[in-house]
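Everything on this sheet refers to the single structure shown next.
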Amino acid sequence: MPRRWVAALRANPDAPLEDIARTLAEGRELLPARLAVWVRDRGDLMARLAVFAAVPGAVDGLALTGMAARGREPVSAVHAGEESAAAAAAAFVAGSRLLWPADRPAGRVHLPAAPLDRRRCAPHLRPAATTDSRPASLLGPAAVTALGRFHPIDVHSSDFWPVAEHLLEGAPTMVGMAFPALLAEAFPGKALRIRDLRWIRPLRPAELEPGTVTLAIAPDGVATVSGQTREGKWLTFAKATVEAWDAAESGASNSARSTRPR
C-alpha cells in the first residue's frame with residue numbers, strides 16, 4: 001500500500017502536505033491494521049513511505065505499525081513538535097482516531113484505496129425442490145350417494161383462484177366462469193354440453209359458513225353450487241344441466257348463436 005501512495009504522490013507533485021494528511025486522517029474508513037508516520041514536508045513523507053515499502057523492518061523511529069484496539073480517545077492530526085506528533089502516531093496505531101483541526105483549512109486529494117484480499121464469494125445453492133406444475137384442484141374428493149355426486153369446494157382458501165382473484169363491489173366473489181370450470185374438473189377428460197346455466201346470486205365466501213359450499217351433480221345431470229349462510233340458511237348460487245358428449249359424432253360446434261342470455 002505505501003508503494004502505491006508513493007507512486008500516486010509522484011504523479012501529483014502539486015498536492016499540498018496538508019491536503020494529503022487530511023485525506024489520510026479523515027477521508028476513509030479506518031481499518032484495524034494501521035501505519036503511522038509523522039513528517040514535516042512532502043519529501044519527508046515520501047521518503048518514509050518509500051523506505052517502509054522497500055524494507056518494512058528498517059523503519060524503526062520512522063514509522064509505526066500495529067493492530068488498533070477499540071475505545072481510544074481521538075487525537076489531533078497536527079502538532080507543533082516532533083515529540084507530540086510521534087505520540088499522536090502511537091495513539092493512532094493503538095486505536096485512536098485522528099481529528100483534523102478546524103482552524104487549519106485543508107482540502108482532499110485522490111489517493112489509492114486500501115487493497116482488499118480477493119476472495120470469491122458464491123451462495124451455497126441447494127437443489128430446487130420439485131414442485132407440481134399442475135394447477136391446484138378446485139374440488140375436493142367426491143362423496144357418491146343415490147342422490148348423486150357431491151364435491152366440497154373450499155371457497156375460503158387463499159389458493160381458490162376463482163374467488164381470490166375476483167372482486168365484486170370490493171368483496172371477494174366467485175367469478176362467473178368458475179361454474180363451468182368446476183364442472184369440467186368434475187368430468188375429467190370428457191367433453192361436456194352445459195345447458196340452462198344460470199347464476200342465481202353472487203357467491204361471497206365472507207357471507208358463508210366454511211366447509212358448506214358444495215357442487216352437487218344429480219343422476220339426471222342437474223348440477224348446482226350451494227352453501228349455508230352464517231345465519232343458517234341454505235342457498236343455491238348456480239345451476240345448470242350437464243352431460244358428456246362427443247362433438248365430432250354429433251356434428252355440433254360451439255358458436256355465439258348457441259348461447260343466449262337468461
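Derivation of every value follows stated rules applied to the coordinates shown; laboratory data play no part. Keep in mind that this is a model prediction, so the values were computed, not measured.
In the range 4-86, the convex hull through the Cα atoms has an average projected area of 5.9 nm², a quarter of its surface area. A cut-off of 5 Å between modelled amide H atoms, ignoring neighbours fewer than 5 places along the same chain, links Gly66 with Arg34. Within the range 143-258, the percentage of alpha carbon pairs spaced more than 17 angstrom apart rounds to 58%.
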